[in-house]
Amino acid sequence: IEENIQKQSEIYQRRLHQEFFGYGPLESLLEESEITEILVNGPDSIWYERSGQLSRHDDIFLSDISFDNIIERLSIATGKHLSLNQPFLEGHIPQARISIVEKNITHKKTIVSIRKHPLN
């Protein structure tokens, strides 16, 4: 039991680290080479495409605030900034092309599309 608790603790710590310093639940999807696209329709609706098949991710953002923080982190990584004057962006990070449409345009939640570059 103690080994199981320690393993769960390590998983939880890694997940918290991803949420505060990385891309939260998107980290595992970005790391997986077979995933070609990631679609985020809010903090609790994450989808991905693998081998032409669209599936719902079983992980979500821990809160609306962490979702907003990760959107900001993605924006910074592209070298662009979302604002009322610029409510959408398209940019690149090393492994992918990113499109973000801010919630003021969608009238619900911010939407993110990440199209991963193919591996050669």
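The values are calculated or read from the model by the stated rules, or taken from the named source; none is laboratory data. Everything quoted here is computed from the prediction, not taken from an experiment. Backbone-built Cβ (ideal geometry, glycine too); neighbour counts: all protein chains shown. SASA here: full protein model, heavy atoms, side chains in, ligands and nucleic acids out. Shrake-Rupley method; radii C 1.70, N 1.55, O 1.52, S 1.80 Å.
Quick look at the numbers
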item: Filter pass, Glu19 being surrounded by 16 or more Cβ atoms within 10 Å (Cβ to Cβ), touching a helix residue (DSSP H, G or I) at 6+ places or on another chain (Cβ under 9 Å) and of a type in the set (Asp, Glu); result: yes
item: Identity of the residue in segment 46-66, open to solvent by less than 60 Å² (accessible area, probe 1.4 Å) and either β-branched (Val, Ile, Thr) or modelled with pLDDT under 95 (or both), that ends up farthest from Arg97 (Cα to Cα); result: Ser63
item: Among residues of segment 67-108, those that are among the β-branched types (Val, Ile, Thr), at pLDDT 90 or above, outside any strand (DSSP E or B) and within 16 Å of Ser45 (Cα to Cα), counted; result: 2
item: Among residues of segment 79-97, those that are surrounded by 15 or more Cβ atoms within 10 Å (Cβ to Cβ), without any contact (Cβ under 8 Å) to a residue 40 or more places away in the chain and either within 11 Å of Ile114 (Cβ to Cβ) or among the basic types (Lys, Arg) (or both), counted; result: 4
item: Inter-residue pairs, beta-carbon under 7 Å, first free of Cβ contacts under 8 Å to residues at least 12 places away in the same chain and in segment 43-65, second assigned to a loop (DSSP other than H, G, I, E, B) and open to solvent by less than 50 Å² (accessible area, probe 1.4 Å), 6+ apart; result: Trp47/His57
item: When residues of segment 23-34 are limited to those that are under 15 Å from Asp59 (Cα atoms) and touching a residue at least 12 places away in the same chain (Cβ under 8 Å), the one surrounded by the fewest Cβ atoms within 10 Å (Cβ to Cβ); result: Glu32
